[in-house]
């Protein structure tokens, strides 16, 4: 199962600030929107890095030529998605086509997005009759050059951990009430399996909230996707734990 895309290849020159790339698109120097405002894989120098771009629609009043959806660190052999704003929509489309049936089947089901429940707003809800499956999508890109590993340390923003705690607390409560609740770690490249932290002391509240949620029945999954200029597809799916290391 894959989604059809129409991304334009380009080349990055630099990243003058967290919102902007300077780049080359169709042979012309231009400014491009950077959708990831924080660190991207720890990269400091973006010179000569290939990228894939969604161009702005004709007539759009923007100061950039388009948005960078992916970059390549192997000269274009493979692509790493960096646009966290698009992943929810792509996952929703795949669910509607039953493209993630290993996790949840959506045959004869209604898919809702941005669902307000308890004290959170969760990304997706699958309704089939009286049953409810709630899904929250997490898309780490900070450390993609390394084995994906949760780091309960310095937050990306003041509210970063607060939002995560609310989400996991809500998913845990929903699971305890008998609903299916799922968190999906989405990687827009073929990432290594997620490795829970050895030490939770960096932010014990997050770790404890996740531990209780999984104990209550919250499911945790990792999905790796393949991104090309023409398509977005599932590469690999696996069940995991966000806090319990394999023995």
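The values are calculated or read from the model by the stated rules, or taken from the named source; none is laboratory data. These numbers come from a predicted model, not from an experiment. Note that we place each Cβ from the backbone using ideal geometry, even for glycine, and neighbour counts take in every protein chain shown.
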Looking only at the range 64-85, how many residues end up being touching a helix residue (DSSP H, G or I) at 6+ places or on another chain (Cβ under 7 Å) and outside any strand (DSSP E or B)? 0
Checking the structure you have, find out if any residue of the range 50-62 is assigned to a loop (DSSP other than H, G, I, E, B), buried (at least 19 other Cβ atoms within 10 Å of the Cβ) and either in contact with a strand residue (DSSP E or B) (Cβ under 9 Å, 6 or more places away or on another chain) or touching a residue at least 24 places away in the same chain (Cβ under 8 Å) (or both). no
Considering 185, 174, 127, which residue is part of a helix (DSSP H, G or I), out of contact with any helix residue (DSSP H, G or I) (no Cβ under 8 Å at 6 or more places or on another chain), modelled with pLDDT of 90 or more and closer than 24 Å to residue 102 by Cβ? 174
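Suppose the filter is part of a loop (DSSP other than H, G, I, E, B), assigned by TED's automatic domain parsing to the domain that holds residue 173, closer than 25 Å to residue 227 by Cα and in contact with a helix residue (DSSP H, G or I) (Cβ under 8 Å, 6 or more places away or on another chain); does residue 100 pass it?
Yes; evaluated as a whole, the condition is true for this residue.
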Top-ranked residue of the range 215-237 - restricted to ones that are more than 15 Å from the chain's Cα centre (by Cα) and either modelled with pLDDT under 95 or under 30 Å from residue 53 (Cβ atoms) (or both), ranked as surrounded by the fewest Cβ atoms within 10 Å (Cβ to Cβ): 230
Filtered residue count, the range 209-236, keeping only those that are at negative phi and part of a loop (DSSP other than H, G, I, E, B): 4
Any idea which of (1) within 22 Å of residue 4 (Cβ to Cβ); (2) assigned to a strand (DSSP E or B); (3) within 16 Å of the chain's Cα centre (by Cα) is the one residue 94 doesn't satisfy? (2)
